[in-house]
1. So how far apart, in nm, are the two label points at Arg101 and Cys86 if each is 7 Å from Cα heading toward Cβ?
2. So, in nm, how far is label Cys50 from label Arg193 when the simple model puts each one 7 Å beyond its Cα toward the Cβ?
3. Applying 1/(1 + (r/R0)^6) with R0 = 35 Å to the Cβ-Cβ distance of Ala181 and Asp21, what FRET efficiency is obtained, to the nearest 0.05?
4. Please list the radius of gyration and Dmax for region 40-86, considering alpha-carbon atoms only, with Å as the unit.
Amino acid sequence: MILRTLSLLRSLQGAHHSLKDAQATVQQACDYRWLREALRGGVITRTDACLADGTPAVTVTLSFVATPARLAGGKWPEDPAERERCFVAGIHACRAAGAPRYRTLESLSQGLVHGAAAVLTDTARFQYLLDQQALRLTWRRPGGLPEALAHRLPAPGTETADRNGIFLLEVGVPSPPVEGAPSGAWLDRMLDRYRRILPRSAAP
């Protein structure tokens, strides 16, 4: 199974691809798929944002309960006010929000299931978000959210959230202002359009 996955990745990239490299590639694809699914629970909170290279973007905000396990994944200050001034960026933001870290065999089996072409496409999409510094995670007390944002995000509604707070994951998506709820398919289209993963004719 491992050799078959490596063979697929090598054939597409045309270069030597070690086991470690292949696992990292598939892990990024898995992270993207996790983000893609989570996007359905987000809301567009800014329509005038920009990515690192100046590309116009919208900001999608996702909320997650700050469980003890998620809090343990970072060095968050004990003082709530100080904690709210901190943030985690990039791939670490997704991990802190709850994206699973796959073991080598698990992630490579994911690559085999989805196929190398899909893995490399999703990896490129996720790498674009990383390059554009488009992922940022912050911690907030449930009562500390701006009123307009608190009413739009799904309410955590758990004792854990009341006790430990919530995480907000902000995702910058290259897109003109849009209406309606974000979706994974929309994220794919926007990233493909700006990353040129797909031919221009394939993007609406």
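Read the figures in this text as sums done on the coordinates, not as results from a lab. The model shown is predicted, which means the values in this text are computed figures rather than measured ones. Cβ sites come from the backbone with ideal geometry, for glycine too, and all protein chains shown count toward neighbours.
1. Taking the simple label geometry, Arg101 and Cys86 are separated by 1.7 nm.
2. 2.0 nm
3. Given R0 = 35 Å and the Cβ-Cβ separation, E is 0.45.
4. When restricted to the Cα atoms of region 40-86, Rg and Dmax are 14.5, 36 Å.
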